[in-house]
Amino acid sequence: MSEEISASQGDSDDPALHVRQGREQAWSNYRAARIELTELRIRTNLDGWPTWVHMLPGGTLERAERRLIRLRGRLSRHGVGAEERRWGPLSGGELPGTQGVVTLESTITGLVRRYRASAPAWAAELAAIARSGPQIREAAADGDRAQVHALIQRLLTAVRLAPGEAAGESLLRHLPGELRPIPAEVTALRRSGERVTVAFEVRTSTIELETITVTPGLRGMGLGSAELLHLCRTADEHRMRIVGRLVPTYHDDSAVPALAAWLRRHGFTVQERVGGRISREPGMPT
């Protein structure tokens with residue numbers, strides 16, 4: 001039902017493992033280049049009069065600076081700075097094969113291209129957010145997450161000022177589940193796409209949850225939890241009950257206990273031995 005459970009978790013063929021390894025490698029490469037440039041600048045300053053030699057076009061200092069800039073640009077591509085198992089604006093990364101890149105910056109690139117002419121001010125703000133990405137990711141990876149909070153506020157404002165519902169929705173999907181705005185209609189939370197599927201039916205005052213499935217490369221990042229939390233918050237606001245059945249992805253029975261624990265953390269009652277029935281009353285803690 002969720003990305004929280006992966007039958008291949010830890011396996012060398014696990015797509016999510018490849019994404020995490022790419023993120024770790026990108027950060028490791030950047031840190032090494034940053035240290036190298038710092039040491040080179042110190043040595044250059046100690047040299048005294050030959051400093052200008054190192055700063056000539058094509059010199060050692062310029063080459064080191066260009067390498068750092070190039071590697072800094074890759075921080076966004078690989079989702080560097082993301083919190084472990086908690087979805088947020090820095091989450092995502094480069095998916096294996098031809099699946100492309102799923103990050104806030106990649107989403108913004110598409111939105112700027114689409115709305116540059118019809119909503120220039122909004123597109124310009126998005127472009128500014130994307131440009132700040134590497135700096136925010138570097139600080140977050142170093143342990144300073146203050147800029148992430150400021151980024152979230154900018155995104156919430158951009159969602160409110162979006163020129164269309166689809167545009168705002170694209171940005172909203174990068175926010176943590178507890179910060180996503182509650183929609184007027186519960187059905188607005190249905191998803192069917194390459195990164196995540198959220199399927200359910202609405203019966204009067206009940207939501208019949210069918211599945212929350214995350215593409216393998218993004219599993220373990222908290223995306224499924226963000227979608228479920230948003231659904232639970234919306235159900236509470238609309239005073240609706242959520243029901244369903246505990247059916248693990250690919251019918252892997254070994255995943256049932258973990259799935260049950262995941263749902264219980266979101267306020268669900270789970271009957272593992274009675275057809276895997278799940279239910280959640282409105283107002284339950286998440």
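Which count do you get for residues in segment 212-248 that are among the aliphatic types (A, V, I, L, M), open to solvent by 20 Å² or more (accessible area, probe 1.4 Å) and modelled with pLDDT of 95 or more?
2
Out of the residues in segment 196-210 that are without any contact (Cβ under 8 Å) to a residue 12 or more places away in the chain and outside any loop (DSSP other than H, G, I, E, B), state the one that is farthest from Leu229 (Cα to Cα).
Arg203
Cβ-Cβ distance below 8 Å, separation of 6 or more or different chains: which pairs start in segment 74-91 with a residue that is among the hydroxyl-bearing types (Ser, Thr, Tyr) and modelled with pLDDT of 95 or more and end on one that is in a loop (DSSP other than H, G, I, E, B) and surrounded by fewer than 19 Cβ atoms within 10 Å (Cβ to Cβ)?
Once the first residue is among the hydroxyl-bearing types (Ser, Thr, Tyr) and modelled with pLDDT of 95 or more and sits in segment 74-91, its partners that are in a loop (DSSP other than H, G, I, E, B) and surrounded by fewer than 19 Cβ atoms within 10 Å (Cβ to Cβ) give Ser91/Glu83.
Does any residue in segment 144-169 that is over 17 Å from Pro183 (Cβ atoms) and among the β-branched types (Val, Ile, Thr) come within less than 7 Å, Cβ to Cβ, of a residue that is in a helix (DSSP H, G or I) and open to solvent by 20 Å² or more (accessible area, probe 1.4 Å) six or more places away or on a different chain, and which pairs are these?
Ile152/Leu179
For the list (1) at pLDDT 95 or above; (2) surrounded by 14 or more Cβ atoms within 10 Å (Cβ to Cβ), I need the number of the one condition that Glu201 fails.
Tallying (1) at pLDDT 95 or above; (2) surrounded by 14 or more Cβ atoms within 10 Å (Cβ to Cβ), Glu201 fails exactly one: (2).
State whether the residues of segment 151-160 include one that is open to solvent by less than 10 Å² (accessible area, probe 1.4 Å), part of a helix (DSSP H, G or I) and among the charged types (D, E, K, R).
No, segment 151-160 has no match at all.
Which condition number does Gly193 fail, the rest of (1) open to solvent by 70 Å² or more (accessible area, probe 1.4 Å); (2) without any contact (Cβ under 8 Å) to a residue 60 or more places away in the chain being met?
So Gly193 meets the others, but not (1).
How about segment 113-141: which of its residues are open to solvent by 30 Å² or more (accessible area, probe 1.4 Å), assigned to a loop (DSSP other than H, G, I, E, B) and touching a helix residue (DSSP H, G or I) at 6+ places or on another chain (Cβ under 9 Å)?
Arg116, Ala117
For segment 167-195, name all the residues that are within 29 Å of Ala150 (Cβ to Cβ) and either in contact with a Cys (Cβ under 6 Å, 6 or more places away or on another chain) or not in a helix (DSSP H, G or I) (or both).
Arg173, His174, Leu175, Pro176, Arg180, Pro181, Ile182, Pro183, Ala184, Arg191, Gly193, Arg195
If you scan segment 161-181, which residues turn out to be surrounded by fewer than 15 Cβ atoms within 10 Å (Cβ to Cβ) and either modelled with pLDDT of 95 or more or hydroxyl-bearing (Ser, Thr, Tyr) (or both)?
Within segment 161-181, Leu161, Glu178 meet the criteria.
Counting just the residues of segment 211-227 that are touching a strand residue (DSSP E or B) at 6+ places or on another chain (Cβ under 6 Å) and in a helix (DSSP H, G or I), which one comes out nearest to Gly79 (Cα to Cα)?
So, considering only residues that are touching a strand residue (DSSP E or B) at 6+ places or on another chain (Cβ under 6 Å) and in a helix (DSSP H, G or I), the one nearest to Gly79 (Cα to Cα) is Leu223.
The values are calculated or read from the model by the stated rules, or taken from the named source; none is laboratory data. Worth saying up front: this structure is predicted, and the values here are computed from it rather than measured. Glycine gets a Cβ as well: all are built from the backbone with ideal geometry, and neighbour counts include every protein chain shown. Keep in mind that these areas ignore ligands, DNA and RNA; they rest on the heavy atoms of the full protein, side chains included. Shrake-Rupley method; radii C 1.70, N 1.55, O 1.52, S 1.80 Å.
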